[in-house]
Each structure stands twice: as C-alpha cells, then as structure tokens.
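What follows is a short report on a single structure.
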Amino acid sequence: MSDAIITTDDYRALITDLKARIQSAQIKAAVTVNTQLIALYWDIGKLIVEKQRTSGWGDAVIEALAQDLTREFKSMKGFSRRNLYYMKRLYGFYADRDKFVQQAVAQIPWGHNILILESIKDTEKALWYVRKTLENGWSRNVLNHQIESGLYERQAAKPILDNFTERLPALQSDLARETLKDPYLFDFLDVGEEAHERELETALVERITRFMLELGKGFAFVGRQYHLEVGGEDFYIDLLFYHLRLHCYVALELKTGPFKPEYTGKLNFYLTALDEQVKMAEDQPSIGLILCKDRNTVVAEYALRDVGKPIGIARYVLSTSLPEELKKSLPTVEEVEAELGKTKIS
C-alpha cells in the first residue's frame, strides 16, 4: 500500500470505522465472558447447596472443593474457599427468584455482586441496586457510595412529594418519580448548616461534578441564575438542567429553611415561562424541584394540590464531616467523570 492511500480521507474513515467496530466487539466480548463466568458461579453455588442438603455435608466440603478445583484449573482464578462461599451465598440469596433474576445478576461484575451480598440483606433492595447498576454503568466504588448513601431509601422506598401523576402523562410521571429522590445528600460541600441560599448555590456549582452524580443519570447542567424576562421584568431560576431521558427542562430552586407554600407559586410561574420561551416543540413539559432543609408533609401536599405545573418537593442534608469508612468508599474524580460522560449525547 502506498503512503498516498494511507493519507486519503477514505482510508482515515475506514480505519476510524474499524477501530469503533473492534472496540464495540471487545466490550461485547467482555460482557459475554462476565455473563458466562457469573452463570458458572451460580451453577457451582447451586450444586454446593443441593449437595449439602441431600448428602448432609458440612462446610468442610467447600475447603476440599477449593483445593481440588484450584489444583485442577491452575490457570483459572476464583476457586478459593472464600469465593466458593460467595457462590453458595449468591445462589441461596436469589434461589427463589425466576430465571430473569439470574440473567440480570450475571450482567454485573463479580465484585459488584459480592459487594451487594455483603451490604444488603433484603432481596428486593439488592435487585434494585443490580438494575440501577445495569442502567447507569456504575463502577464498584460508585455502587458502594450509592449503597452507603442509602439511595434505595431516598429514591425507591421514600419518593418525594409531588403532583407528577396529576400533571404529567403516565410514562413521564413514572420516570420523573424514579429520577428524583429524598433527601438529597450534599455531604461533599464545605458549608455549614447556617449557609445562605446563594452560598449553597455557589458551592453546588463549584462542585458541579459531584452534584451531578448526586442528582443522578441524565441531568445536563444548563445554567445558574438562569435569566427569564416576562413583561419587561427580570426573573432568575436558581439552577436549570435538561434531563436527557425525560426530554425536559428541570428548574431547581434552593431554600435553606423549611418549605413554604409560596415557593410553589413562584416555581409554577418559572415553569410557565420556561415552557413558553425556552421549551422546544419536541420537549416534554418542564418540571420543577424545590430543595429545602425541611418540610411539613401536609402543608406541602396542600401547596401542590392546585398547582398547574409538575413540581416536586424534596429535602437536602448537609454534613460537615464524614465517617472515615464512608470517605474511603466515595468514588474518585476520574470515576465520577466517567459516569457523567455516559450521559452525553453522541
């Protein structure tokens, strides 16, 4: 091949296409290998459980199996006594579930499965983290952080107060509820409990990468103190985002005190302006989120009842100091940025 061919646009396009295909094949191969490995571990765990049940063998058989399998398959890792115990636990934990559960568990890495087995005792909760790991592509450190921060309790078990069901189509309402959580943890901020709203807003923008991880997958930052002009007057939204899965703008208002009914009226006004001036025809209706230090549930429900726009009310929690073990479990900057990178539109 001549050097002239190598420098042509057609050749550069070809090599770019081939690289993309090879990388895609490598990723698919890695996923396939992982799925087959976890399926093998599942089967080994099942056989151990069933054999112990029918033969009355104790855990001494696991030690014997570890030695014999390691001796026989010298090139393979994973047959240690400890790992065989985890295989047994994996099968026992999900044994009464259907085949789809086994398939889902097999799609996340073995280290993720061990972390879930070690951290969670409830099967439904564990499967929720399995599904979220698949949806978001969490690394093990990020998964650990989400478990430590109680994401299940904040997002699935205790949804925020909202009027989404009444103000949004069913699918949009369900997805919006799955997206938001209560409370939000701002434990990565260096501000005290007495911080003012603008100080809190500034700190969140300065730590936007960590803030975006706490918000969750799909949020794209549009701007701070986003300007709207209505009737010749100026108005400003504290923080504005666009959600890539909901296909809508999300206006976020920060309040450092307890929730007050007038907050919904103000945010309802902002959402009307957004839908009239910013929202495109292909976008879904804009959503509002009020983050406050505390809320009276009855007052919040009354305030939302007759509001025309979809609004959620959630709390946030500040923590000036973290336990050392939690600090160690938090993801690195590189891991967080990798997670956020997956939300970008190609």
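Residues that are modelled with pLDDT of 80 or more and acidic (D, E) were ranked within the stretch 154-188; the one that is surrounded by the fewest Cβ atoms within 10 Å (Cβ to Cβ) is E166. Is it the case that F79 is part of a loop (DSSP other than H, G, I, E, B), under 30 Å from E63 (Cβ atoms) and in contact with a helix residue (DSSP H, G or I) (Cβ under 8 Å, 6 or more places away or on another chain)? Yes, satisfied. In summary, I114 fulfils each of the numbered conditions (1) in contact with a Lys or Arg (Cβ under 8 Å, 6 or more places away or on another chain); (2) surrounded by 16 or more Cβ atoms within 10 Å (Cβ to Cβ) with the single exception of condition (1).
Do the conditions hold for R12, that is, is it modelled with pLDDT of 85 or more and open to solvent by 50 Å² or more (accessible area, probe 1.4 Å)? So R12 fails the test.
Screening the candidates Q36, Q26 for the property of being modelled with pLDDT under 70 and surrounded by 10 or more Cβ atoms within 10 Å (Cβ to Cβ) yields one hit, Q26.
Taking every residue in the stretch 219-241 that is under 13 Å from K266 (Cα atoms) and pairing it with any residue that is surrounded by 13 or more Cβ atoms within 10 Å (Cβ to Cβ) and modelled with pLDDT under 90, at least 6 positions away or on another chain, the pairs with Cβ-Cβ distances below 7 Å are D238/E201; D238/L254. Step by step: first the residues of the stretch 142-153, then only those that are of a type in the set (S, T, N, Q) and touching a residue at least 24 places away in the same chain (Cβ under 8 Å), then the one that is surrounded by the fewest Cβ atoms within 10 Å (Cβ to Cβ). Which residue is that? Ranking the qualifying residues of the stretch 142-153, first place goes to S149.
In the stretch 126-141, is there at least one residue being basic (K, R) and touching a residue at least 24 places away in the same chain (Cβ under 8 Å)? Within the stretch 126-141 (the criterion being basic (K, R) and touching a residue at least 24 places away in the same chain (Cβ under 8 Å)), the answer is yes, since at least one residue qualifies.
Within the stretch 41-67, how many residues turn out to be surrounded by 14 or more Cβ atoms within 10 Å (Cβ to Cβ) and under 30 Å from the mean Cα position of the chain (by Cα)? Of the residues in that region, 3 qualify. Counting the residues of the stretch 68-108 that are basic (K, R), at pLDDT below 85 and open to solvent by less than 90 Å² (accessible area, probe 1.4 Å) gives 1. In the set L240, L289, L274, only one residue is modelled with pLDDT of 95 or more and of a type outside the set (V, I, T); that residue is L274. For the residues G58, G111, G45, the requirement of being part of a loop (DSSP other than H, G, I, E, B) and either in contact with a strand residue (DSSP E or B) (Cβ under 8 Å, 6 or more places away or on another chain) or modelled with pLDDT of 80 or more (or both) singles out G58. Kindly indicate whether any position in the stretch 271-284 is of a type in the set (G, A, S) and under 16 Å from G223 (Cβ atoms). Looking for residues that are of a type in the set (G, A, S) and under 16 Å from G223 (Cβ atoms), one finds at least one in the stretch 271-284, hence yes. Kindly evaluate E229 against the criterion of being assigned to a strand (DSSP E or B), acidic (D, E), surrounded by 14 or more Cβ atoms within 10 Å (Cβ to Cβ) and at pLDDT 90 or above. Here the answer is no, as E229 does not meet what is asked. For the stretch 232-256, the tally of residues that are assigned to a strand (DSSP E or B) and under 17 Å from E276 (Cβ atoms) stands at 11.
The values are calculated or read from the model by the stated rules, or taken from the named source; none is laboratory data. Just so you know, these numbers come straight off a predicted model, no measurement behind them. We place every Cβ from the backbone using ideal geometry, glycine too, and count neighbours over all the protein chains shown. Quick note on the areas: whole protein, heavy atoms, side chains included, nothing else; ligands and nucleic acids left out. Shrake-Rupley method; radii C 1.70, N 1.55, O 1.52, S 1.80 Å.
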